[in-house]
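> Shown below is the structure under consideration.
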Amino acid sequence: MPASKRVAVMSPQTRHAHSHRRLRGRFRVPKLDPADAERALALYRAQRRRAVAPLVLMFAGMLGLPVVFAALPVLDQARFAGIPLSWIVIVVLPYPGLVLLARWQLRRAERLEDDT
């Protein structure tokens, strides 16, 4: 039996989207005025410096949980509704903390943009 030719199967919408993407050409980074480019670079550097504190706090929180569990083995024995307390801490604590860190960093970055 001869090997059959492979055919890509896609919906007409996908085919349409792919055809439009090819027509536009390559993406080109817009050129900024020298003054705007300098301002954008300064803003970028300032935002990176401001991102260090939330990043350190995030890693401290994520890497600190195993340390807390190792230091307090009672969290594995304590139960709430039949579930070990350590599991609840892993599921419940990190996400609100990450959301708060993200909001804090976003506001700090937006404040920098407003000031410049």
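> Can you report the number of residues in the range 87-108 which are more than 30 Å from Asp76 (Cβ to Cβ) and either among the hydroxyl-bearing types (Ser, Thr, Tyr) or exposed (fewer than 15 other Cβ atoms within 10 Å of the Cβ) (or both)?
Qualifying residue count for the region: 4.
> Further question on the same structure: Which pairs turn up if I take residues in the range 34-48 that are of a type in the set (A, V, I, L, M, F, W, C) and look for partners that are modelled with pLDDT under 95 with beta carbon separation below 8 Å, at least 6 apart in sequence or on another chain?
Ala40/Leu32; Ala42/Thr116; Leu43/Leu112; Leu43/Glu113; Leu43/Thr116; Ala46/Leu112; Ala46/Thr116
> I need the helices (runs of 4 or more DSSP H) fully contained in the range 1-101, keeping only those with at least 2 residues that are at pLDDT 85 or above, out of contact with any His (no Cβ under 8 Å at 6 or more places or on another chain) and among the aromatic types (Phe, Trp, Tyr).
52-71
The values are calculated or read from the model by the stated rules, or taken from the named source; none is laboratory data. Every value quoted in this text rests on a predicted model; they were computed, and no experiment measured them. Backbone-built Cβ (ideal geometry, glycine too); neighbour counts: all protein chains shown.
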